[in-house]
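Reading through the structure tokens given below for one structure.
The values are calculated or read from the model by the stated rules, or taken from the named source; none is laboratory data. Note that the structure is predicted; figures quoted are calculated from it, not measured. Here Cβ is always computed from backbone atoms with ideal geometry, including for glycine, and neighbour counts include all displayed protein chains. All accessible areas refer to the heavy atoms of the entire protein, side chains included, with ligands and DNA or RNA removed. Shrake-Rupley method; radii C 1.70, N 1.55, O 1.52, S 1.80 Å.
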Amino acid sequence: RIDIIYTVPIKGTNWYLNAHENINAISEELKHLKCRYVLGSLLLGFVIAIAASLTARRISRVYEKQIEQQNEKITKQRNQITSKNKEITDSINYAERIQTAVLPDKKILNKIIPDNFILYRPKDIVSGDFYWVSEKGQKLFIVASDCTGHGVPGAFMSILGISFLDEIINKTGNTNTDEILNQLRTHVTESLKQLEGGEEETKDGMDMGI
């Protein structure tokens, strides 16, 4: 079927210019064009979706590998820290056994002073506080001391104090408390090189009651 699309009169004449077209043919062609457009769009969208999925998967794999490597690194570091902590804790626990061994034997203390109690609570496994008991002649010496610092540094100081007390009282036989404390002070300052009074010298020591 041929249809007149539009008519244009020609000036100065009785003629008309008519435009004709097959409307059905145009409609069919438009339908085909629409179908091809829709199919093409769907195909293009599908291709884009696949490309995007592959790209995302590739990027995801890269990040997953990086995260896995980071996790392995963190796990390795955590294991190393755990191992070091265990080594340090084991060393401190062994030091606690040594410190406990140099403290007065409770059996001896119970024999000297049957009615007694001891409040001894180390802050960090080993302690910067110590007690000491000794019987010399007709005199009984009871010492309670608080060393500077706590934990391992305090424990070192406590062992020094116990060793010096044993040397001053039990070995030299000095029984005057003022002389004992003065000698102890001398031993501590000499051992820790606290003779010059300089700023770089350690300020470690202990408060003691005897």
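Computed quantities for the displayed model
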| quantity | calculated |
| --- | --- |
| Every pair of residues 6+ apart whose Cβ atoms lie under 6 Å, when the first sits in the stretch 183-196 and is closer than 11 Å to GLY161 by Cα and modelled with pLDDT of 80 or more while the second is of a type in the set (Phe, Trp, Tyr) and open to solvent by less than 50 Å² (accessible area, probe 1.4 Å) | LEU184/PHE164; HIS187/PHE164 |
| Some residue of the stretch 158-174 being in contact (Cβ under 8 Å) with a residue 24 or more places away in the chain, surrounded by 17 or more Cβ atoms within 10 Å (Cβ to Cβ) and touching a Gly at 6+ places or on another chain (Cβ under 8 Å) | yes |
| Residue tally, condition part of a loop (DSSP other than H, G, I, E, B) and open to solvent by 60 Å² or more (accessible area, probe 1.4 Å), over the stretch 140-155 | 1 |
| Of the criteria (1) surrounded by fewer than 10 Cβ atoms within 10 Å (Cβ to Cβ); (2) under 30 Å from PRO153 (Cα atoms), which one GLN99 fails | (1) |
| Scope the stretch 175-188; condition within 17 Å of ILE142 (Cα to Cα) and either among the hydrophobic types (A, V, I, L, M, F, W, C) or touching a Gly at 6+ places or on another chain (Cβ under 8 Å) (or both); matching residues | THR175, ILE180, LEU181, LEU184 |
| In the stretch 81-95, the residues that are closer than 15 Å to VAL126 by Cα, of a type outside the set (A, V, I, L, M) and open to solvent by 80 Å² or more (accessible area, probe 1.4 Å) | TYR94 |
| Test: residue in the stretch 88-110 that is in contact with an Asp or Glu (Cβ under 6 Å, 6 or more places away or on another chain) and not in a helix (DSSP H, G or I) | no |
| Which numbered condition GLY12 misses (of (1) in a helix (DSSP H, G or I); (2) exposed (fewer than 10 other Cβ atoms within 10 Å of the Cβ)) | (1) |
| Top-ranked residue in the stretch 106-123 [being closer than 27 Å to ASP204 by Cα and open to solvent by 60 Å² or more (accessible area, probe 1.4 Å); ranked as modelled with the lowest pLDDT] | LYS123 |
| Scope the stretch 156-194; condition assigned to a helix (DSSP H, G or I) and among the small types (Gly, Ala, Ser); matching residues | SER158, GLY161, SER163, SER191 |
